[in-house]
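Derivation of every value follows stated rules applied to the coordinates shown; laboratory data play no part. Here the structure is a predicted model, which is why all the values come from computation and not from measurement. With ideal geometry, Cβ positions are generated from the backbone for all residues, glycine too; neighbour counts draw on all protein chains shown.
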Amino acid sequence: MTSRVGATLHKIWDSDVAYSFRRSPVVVVAGVTTLLLFLIAIFAPLISPFDPLDLATIDLTNGLLPPAWHPDGNPEFVLGTDEQGRDMLSAIFYGLRLSLFVGFVSVLFAMALGITLGLISGYAGGSVDAVIMRAADVQLTFPAILVALLINGIARGIIGNERFDELAIIVVILAIGLSFWVQYARTVRGSVLVEKNKEYVQAAKVIGLHPLLILFRHILPNVMGPVLVIATINLALAIITEATLSFLGVGLPATTPSLGRLIEEGNRMLQEGKWWIAIMPSIALVILVLSVNLLGDWLRDALNPKLR
Amino acid sequence: MLAFIIRRLFQGIIVMLAVGLVAFSLFNFVGDPINSLVGIDTPLDEREKLREQLGLNDPFPIQFGRFVLNGVQGNFGLSYRMSEPVMRVIGSRLPATVELSLVAAIIALVLGVGMGVFTGLYPRAALSRIFLTVSLIGVSLPTFLTGILLILVFAVWLGVLPSFGRGDVVSFGAWTSGFFTSTGLRALILPAVTLGLFQLTLIMRLVRSEMLEVMRTDYIKFARARGLTDRAINFGHALKNTLVPVITITGLQLGAIIAFSIITETVFSWPGMGQLFIQSVQSVDIPVMATYLVLIALFFVVINLCVDLLYYAVDPRLRFDGSKGGH
């Protein structure tokens with residue numbers, strides 16, 4: 001058993017993709033950073049020095065402490081505290097967790113929606129194809145952030161502003177997912193148009209397999225490569241979009257602050273020179289986005305046969 | 001060429017109708033319009049009478065037709081939040097957004113093309129490396145973070161530039177302008193740089209990669225062999241041939257600038273349309289949201305049309321190819 005695992009690992013280590021990963025120090029740093037941030041996000045409740053969501057542990061007298069290296073800082077709060085006395089480091093850990101969660105789920109949602117519509121569009125052709133692709137064209141003329149804002153507004157109208165906060169996280173995921181599906185649909189549709197005339201699909205048709213089975217079992221695995229690249233790059237975009245929505249005050253509520261919300265709260269204290277409340281979560285956000293972006297760029301080049 | 005323009009116009013109208021349909025559906029499906037007009041204690045039969053009066057019981061196509069007709073005349077009803085005609089509310093916010101976007105676009109275009117040409121011509125120069133590093137940061141920073149950082153440095157620490165509002169404005173009839181007062185101009189700097197930075201880096205990278213590609217072609221080598229001046233080669237031959245993709249992207253980015261002004265205006269409390277849109281989303285002011293959507297769509301369609309026409313101006317190859325219907 002262990003030798004088989006070892007053999008598999010060895011195979012992965014020797015593969016082209018792994019080689020191009022090892023060769024670039026920037027990509028290795030980005031990969032390690034991303035992994036580290038993922039671990040922090042997953043284990044946030046275990047490694048945070050304080051629980052930022054538990055109001056009982058927060059002491060107002062600790063409010064607005066600068067970071068520990070500042071002469072007025074308190075070593076107990078490494079990155080300082082906000083105006084309520086909340087430890088910034090813990091708040092950032094929890095915010096990272098939320099930002100990554102929303103980013104991931106909304107990318108998965110966009111992917112599922114885009115892949116399904118792209119498969120149907122490419123395979124069915126005709127008027128179904130025309131309707132889906134024209135809808136995609138119209139949506140593509142608008143920047144994603146605008147679409148997400150609009151969906152957010154519609155959801156508020158339907159749910160009502162009073163109950164919005166409870167459902168905010170779902171609305172944000174839906175809004176981001178619905179604003180990013182087009183790219184997947186177009187890519188998948190293009191690949192399906194190529195794949196559907198190949199012999200293995202013809203063979204599957206001749207056997208009499210159900211079209212849905214052909215689409216998801218036979219065609220889908222062959223069009224996943226470019227989809228994964230888009231997904232990686234979109235993860236960074238989704239994280240930025242969530243942060244922007246939260247910053248604009250239409251994303252996650254103050255009771256469950258993501259990185260964007262933390263920055264927005266810090267922004268209000270910026271004028272008084274209390275810079276760390278906004279800047280510390282900003283740094284976390286930039287490091288996260290930058291390393292995911294670098295990984296995405298690398299993956300795009302590594303999986304592109306033209307660049308080998 | 002005429003056929004091409006007419007087809008593009010037709011496509012634009014289709015897009016506008018589709019967006020109009022979305023905007024119209026907002027009114028119908030998000031909340032009951034009657035509820036926003038009358039009190040809770042209005043009896044049912046009175047509500048029904050009002051429904052009939054307002055034509056809300058008419059078939060869907062007739063209602064939609066009426067909506068389009070009103071929309072074409074600039075009548076989008078009353079804002080729920082401010083009880084004023086939507087067009088007047090948006091109209092009063094329009095100048096601020098247009099001026100901000102214009103300055104941001106000029107910054108992005110002039111600096112973006114300039115830096116792009118430089119880094120394309122001298123890829124190994126130290127300055128090129130600095131430009132590229134800065135552009136990497138520009139791409140990775142979300143717009144609102146750029147704004148916050150600029151406020152922190154220039155408004156809070158250095159205290160040299162204002163961090164919110166438009167400063168003093170001069171009115172020309174319905175238009176208000178911040179271009180003619182010193183406070184207005186100073187207030188414009190930080191938001192415009194914030195808004196333009198992302199577009200600047202995008203244009204710069206595009207021009208750079210196009211320039212690198214063009215400089216390798218035979219006709220540039222031939223131009224050198226003919227003994228043309230560097231200036232004529234770099235700008236007359238090389239830059240001119242990079243313009244088609246640059247115009248496409250820049251045109252699309254102009255639309256993006258208007259959309260991203262939502263974020264910039266919120267960061268800098270800039271009294272424009274974007275700020276109004278966010279407030280409408282927060283308070284579910286459907287008429288304002290719908291109208292903003294239609295206006296933005298109109299803007300995008302017009303820009304796309306202009307971009308298509310500009311192709312013909314910069315690339316003679318397309319003019320002779322006209323019979324095949326463009327590109």
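Report, as an integer, the average count of C-beta atoms from other chains found within 10 Å of each Cβ along A:143-149. Numbers along the way, then the final one.
Details: counts 11, 1, 7, 11, 2, 0, 11.
Mean partner-chain Cβ count within 10 Å for A:143-149: 6.
Rg (Å, one decimal) plus Dmax (Å, integer) for the alpha carbons of region A:257-300?
13.2, 44
Could you quote the convex hull projected area for chain A, Cα atoms only and averaged over all directions, in nm²? Before the final figure, lay out the partial values.
Working: hull surface 86.5 nm².
That works out to 21.6 nm².
Which whole number gives the average, over all residues in B:143-152, of C-beta atoms from other chains lying within 10 Å of the residue C-beta? Intermediate values should be presented prior to the final figure.
Numbers: counts 4, 11, 14, 0, 2, 10, 6, 0, 4, 8.
Taking all residues of B:143-152 together, the mean is 6.
Compare the Cα positions of A:Met224, A:Gly251, A:Leu237 along the charge dipole of region A:98-307 (+1 at Cβ of Lys, Arg; -1 at Cβ of Asp, Glu; about the Cα centre) and return the one farthest towards the positive end.
A:Met224
Explain nothing, just the number: relative contact order of chain B, from Cα pairs under 8 Å at least 6 residues apart, as a whole percent.
Numbers: 364 pairs, mean separation 89.0, N = 327.
That works out to 27 percent.
From the backbone phi of region A:270-275, what are the Karplus-calculated ³J(HN,Hα) couplings (6.51 cos²θ - 1.76 cosθ + 1.60, θ = phi - 60°) in whole Hz, Gly and Pro given as x?
4, 4, 8, x, 7, 6
Could you compute how fast region B:194-282 diffuses translationally, taking Rh as the Kirkwood radius over C-alpha pairs and applying Stokes-Einstein at 25 °C with viscosity 0.890 mPa s? Give it in µm² per second.
Once the numbers are plugged in, D ends up at 159 µm²/s.
Could you give the length gained by full extension between A:Ser127 and A:Val194, i.e. 0.36 nm per residue of separation minus their alpha carbon distance, to one decimal place? All intermediate terms of the calculation are to be shown ahead of the outcome.
Working: separation 67, 0.36 × 67 = 24.12 nm, distance 1.89 nm.
The span from A:Ser127 to A:Val194 would gain 22.2 nm if fully extended.
Can you tell me the 0 to 90 degree angle between the C-alpha axis of helix B:44-54 and the longest principal axis of chain B, rounded to 10?
Taking the Cα atoms of chain B, the angle to B:44-54 is about 50 degrees.
Out of region A:215-308, which GluC sites (Glu not before Pro) are coil in DSSP terms and have no more than 14 other C-beta atoms within 10 Å?
Working: sites: A:Glu242, A:Glu264, A:Glu265, A:Glu272; in loops: A:Glu272.
Taking region A:215-308 and a limit of 14 other Cβ atoms within 10 Å, the loop GluC sites (Glu not before Pro) found are A:Glu272.
In cubic angstrom, how much convex hull volume per residue do the alpha carbon atoms of the protein assembly as shown span? Show your work: numbers first, answer last.
Details: hull volume 152.9 nm³, N = 635.
Each residue corresponds to 241 Å³ of Cα convex hull volume.
Please report how far the C-alpha centroid of region B:227-303 lies from that of region B:93-140, rounded to the nearest whole angstrom.
First find each Cα centre; the distance between them is then 14 Å.
Which distance in Å, rounded to a whole number, links the C-alpha centroids of region B:66-81 and region A:15-79?
Each part reduced to its Cα centre gives a spacing of 50 Å.
With everything on Cα atoms, drop me the angle between helix B:86-121 and the longest principal axis of chain B, reported from 0 to 90° to the nearest 10.
So the helix axis and the longest Cα principal axis differ by about 20 degrees.
Taking the inverse of the average 1/r across all pairs of different Cα atoms in chain B, what Kirkwood radius in Å do you get? Working shown, then result.
Values: mean 1/r = 0.0437 Å⁻¹.
Evaluated over chain B, this radius sits at 22.9 Å.
If you wrap a convex hull around the Cα atoms of region B:1-128, how much volume per residue is inside, in Å³? Display every interim value, and only then the final one.
Numbers: hull volume 25.4 nm³, N = 128.
Per residue, the Cα convex hull of region B:1-128 comes to 199 Å³.
Quick one: net charge of B:Gly236's neighbours, Cβ under 13 Å, K/R +1, D/E -1? Don't skip to the answer; put the middle values down first.
Details: positive: B:Arg224, B:Arg226, B:Arg231, B:Lys240; negative: B:Asp230.
Here the charged neighbours net out to +3.
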